[in-house]
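Asker: Dumping the structure here so I can ask a few things about it.
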């Protein structure tokens, strides 16, 4: 038995997976407003940071300040270059400070690319199987790369439910996955980039074959987010329902 909480945190991302014995975070913006979902032991088994943008990692400051421990911190393998416009130096340095702090406290640090084989899950723990679908290393490390090209894309299988998390993955990132992966989703798709057009790759959405799509978004924060064309793509290719956190609030799935 477990629960997946897709939190309403504005135009940002945070989800909490609670299994029988463990708690996992997938991004963590404004996690302090949902601290009731965190374990009383203050021991979080795993935190996935899909990429190093503040609206995805900012809750690490709260976890650090409040004395939480993290068993494993899994984050984008991006290598920032000088004057890289896709992520500010302030964001990069702030995330690195949190990463290094938790590492000094015994947290295992991992920055994976797509797993080489799918014979076994990337991480199999407490009844949850995590499958690391992306990023593709050549795309994430290319000469023209930007942070969203190296965003983590992975699926969590909990009992008979599946949720695919895409962070803010770019079209390039997602399109490669679409053409090189079977069974990307088939259940819950946590849509990329808050409903932006860049991240709503049509081949990827179709290949996901989602029963439900969750868009973590808020209007009037960024121009064209959520984007009408992107929303139509999700609506046309989601079998049951598209949810928006700004309209539907926090979503809870029980497994």
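Asker: Going through 104, 96, 117 one at a time, which residue ends up being surrounded by fewer than 24 Cβ atoms within 10 Å (Cβ to Cβ), under 25 Å from residue 9 (Cβ atoms) and modelled with pLDDT of 95 or more?
Answerer: The conditions single out 96.
To keep it simple, each residue is scored yes or no on (1) buried (at least 19 other Cβ atoms within 10 Å of the Cβ); (2) over 21 Å from residue 5 (Cα atoms).
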{"position": "196", "(1), (2)": "yes, yes"}
{"position": "205", "(1), (2)": "yes, yes"}
{"position": "214", "(1), (2)": "yes, no"}
{"position": "232", "(1), (2)": "no, yes"}
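Asker: Going by what's in this entry, would residue 135 be described as surrounded by 15 or more Cβ atoms within 10 Å (Cβ to Cβ), touching a helix residue (DSSP H, G or I) at 6+ places or on another chain (Cβ under 7 Å), in contact (Cβ under 8 Å) with a residue 12 or more places away in the chain and more than 21 Å from residue 230 (Cα to Cα)?
Answerer: Yes: the conditions hold for residue 135.
Residues checked against (1) crowded, with 23+ Cβ neighbours inside 10 Å; (2) farther than 17 Å from residue 13 by Cα; (3) modelled with pLDDT under 95:
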site: 146; (1), (2), (3): no, yes, no
site: 154; (1), (2), (3): yes, no, no
site: 165; (1), (2), (3): yes, no, no
site: 173; (1), (2), (3): yes, yes, no
site: 188; (1), (2), (3): yes, no, no
site: 191; (1), (2), (3): yes, no, no
site: 202; (1), (2), (3): no, yes, no
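Asker: Looking only at helices (runs of 4 or more DSSP H) that fall completely inside the stretch 44-127, which ones have 1 or more residues that are in contact (Cβ under 8 Å) with a residue 60 or more places away in the chain and within 21 Å of residue 167 (Cβ to Cβ)?
Answerer: Of the helices (runs of 4 or more DSSP H) lying wholly inside the stretch 44-127, those with at least 1 residues that are in contact (Cβ under 8 Å) with a residue 60 or more places away in the chain and within 21 Å of residue 167 (Cβ to Cβ) span 54-57.
To keep it simple, each residue is scored yes or no on (1) more than 24 Å from residue 46 (Cα to Cα); (2) in contact with a helix residue (DSSP H, G or I) (Cβ under 9 Å, 6 or more places away or on another chain); (3) in a helix (DSSP H, G or I).
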position	(1), (2), (3)
143	yes, no, no
157	no, no, no
163	no, no, no
172	yes, yes, yes
182	yes, yes, no
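Asker: Separate question: Checking residue 239 against (1) in contact with a strand residue (DSSP E or B) (Cβ under 9 Å, 6 or more places away or on another chain); (2) surrounded by fewer than 19 Cβ atoms within 10 Å (Cβ to Cβ); (3) not in a loop (DSSP other than H, G, I, E, B), only one condition comes out false. Which one?
Answerer: (3)
Asker: Then there is this: Quick one: is residue 248 modelled with pLDDT of 95 or more, touching a strand residue (DSSP E or B) at 6+ places or on another chain (Cβ under 9 Å) and farther than 28 Å from residue 125 by Cβ?
Answerer: Yes; evaluated as a whole, the condition is true for this residue.
The values are calculated or read from the model by the stated rules, or taken from the named source; none is laboratory data. Please read all numbers here as calculations on a predicted model, not as lab measurements. Because the Cβ atoms are built from the backbone with ideal geometry, glycine has one as well, and the counts that use them run over all protein chains shown.
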